[in-house]
1. Give the calculated FRET efficiency between V81 and H213 to the nearest 0.05, with a Förster radius of 41 Å applied to their Cβ-Cβ distance.
2. Considering Cα pairs under 8 angstrom that are at least six residues apart, work out the relative contact order of the chain and quote it in whole percent.
3. If you roll a 1.4 Å probe over the chain with all protein chains in place, what percent of the accessible area is carbon or sulfur?
4. So how do 508-515, 402-409 stack up, highest first, on mean other-Cβ count within 10 Å?
5. Compute the separation of the alpha-carbon centres of the stretch 61-117 and the stretch 1-42 and state it in Å as a whole number.
6. Give the residue from L255, V290, M317 lying farthest towards the positive end of the charge dipole for the chain; charges sit on Cβ (+1 for Lys and Arg, -1 for Asp and Glu) and the dipole is referred to the Cα centre.
7. Once each part is reduced to its C-alpha centroid, what is the distance from the stretch 167-198 to the stretch 401-421 in angstrom?
8. Over 22 Å apart: what share of the alpha carbon pairs of the stretch 77-208 falls there, rounded to a whole percent?
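The values are calculated or read from the model by the stated rules, or taken from the named source; none is laboratory data. Please read these numbers as outputs of a predicted model, since none were measured by experiment. Note that each Cβ is placed from the backbone with ideal geometry, even for glycine, and that neighbours are counted across all protein chains shown. Side chains are part of the model used for accessible areas, which takes the heavy atoms of the whole protein and leaves out ligands, DNA and RNA. Shrake-Rupley method; radii C 1.70, N 1.55, O 1.52, S 1.80 Å.
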Amino acid sequence: MARYIFITGGVVSSLGKGLASAALGALLQARGFTVRLRKLDPYLNVDPGTMSPFEHGEVFVTDDGAETDLDLGHYERFTGVAARRTDSISSGRVYSNVLEKERRGEYLGKTIQVIPHVTNEIKDFLSIGDDEVDFMLCEIGGTVGDIEGLPFFEAIRQFIHERPRGECILMHLTLLPYLAASGELKTKPTQHSVKELQSIGLAPDVLVCRSEHPIPEKERAKIALFCNVRPDAVIPAYDLKTIYQAPLAYHRAGLDRAVLDAFAISPAPRPDLSRWEDVMDRLEHAEGQVNIAIVGKYTQLEDAYKSISEALTHGGMANKVRVKADWVDSEKLEGDGAHLLDGYHGIIVPGGFGERGTEGMVTAARYAREKKVPYLGICLGMQMAVIEAARNLAQMPDAGSEEFDHEAGQTRFTPVVYHLKEWVQGNYTVSRKVGDDKGGTMRLGSYTAVLAQGSRISEVYGGATEIEDRHRHRYEVDATYRAQLEQAGLRFSGMSPDGKLPEVVEYADHPWFIGVQSHPELKSKPFAPAPLFAGFVRAAMEEGRLV
């Protein structure tokens, strides 16, 4: 049976909780324990895949096709444990499950109530797979005291009391604000946050206190006294230059030791932190810098491309260089805006939905092709590279995507990119229509791509003939135009196992130009960078004459 660590938050950012959860998971792994991390989101009442990136940030996709919160990306990046559909649940999913069970008659005509039916649903979720790992880390989204979270906190209270004593602890993150006028840290917000927890039957075992300034010992002792925790369980969490400092910083602060003490695990295995020391060494001793333009349509909120940003950092680590990424609004490249890409060592065009800004992405693909600048197109970025090749190399000036025609309600383009109506998933054939529900109906999850021997993409993956990456899209490059486009110079170097769906395109006469339908950034980790990003940064180094 797993030991449970519930991570809650007071006045603290979501990233603070997600990062602390991921760092703690990494530290427990470093001591030889197995871990799994989960996210409970009381605020999310819809499928994350239907929300605007401006509102919710990136949608992280798991191997088994779940669309989840971006915190699961942090969990994977720090622990290397692949997230699953059962590692994320929202209030919307909880209530939907309860209603479905009621319709099936599983409650035998009983009046459906928050207690016990909703809370039981949450407890059932918590129990999934608890015999697989040593520690289950469960982050509860949002702030204690908010009305949305009350059923979740009540479920956790019940869960803790139903488990054997000593198998569950509570870790609470708060903010210690600094008043510059008086030059002091205020502990009252933390005290009131803990009091709010205690009022619903929960008491923290470990406190993690976010602060921009050092926390004096007397303040830590005060917090311990008034919050009823041990002094060595009050853990300072200071601002860091990079999130990858978090495991080492939290270890120095004593977080993993405090957690193990709360479980009475003593003596505990000594941690092997060499992996994280190497990560920090590569970050702190970079041997140059490459400048990368990320040409996207959600540049006002960088969290919309969180995994892209982190995968670039990992690619820099692999090559011991610093990556400076600039977010370029694709709409600004339309018309005569291509000059905005001058001076960059590489160009990335990431995924997205809808027609807005896509002409700027086509401009970016053409600029990279003609100027011989390294290019990495991801999902929509691959499709725009294909459209650019069709228009300017294959004499198809009206080439475009069915997605844009569907959005406009009229036919304007020759659709070299079309709405995917059927594909193979495992042993089954999946069918979709344009008018189907939008949420969760894309090609989602991990799929295999068969690579052409001698291709650049095969070289990037060490000569592999097959790779697996995660997908999230409902429009696909039409293989009908393959011969015409290959004759014009665009090679289809990766296909689905049945040979029907293009997975990778590239130019043989270009220093480094690859487009992929998948999202390789989702599987990148600081200690295991995605090969495509490591190769792309390497090509950018050559462009910048750093090698």
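1. Numbers: r = 34 Å, r/R0 = 0.83.
Computed FRET efficiency for V81 and H213 comes out at 0.75.
2. Taking the mean separation of contacting Cα pairs over the length of the chain, I get 15 percent.
3. Here carbon and sulfur together make up 48 percent of the probe-accessible area.
4. 508-515, 402-409
5. 18 Å
6. L255
7. 53 Å
8. Details: 4279 of 8646 pairs.
Distances greater than 22 Å cover 49 percent of the Cα pairs.
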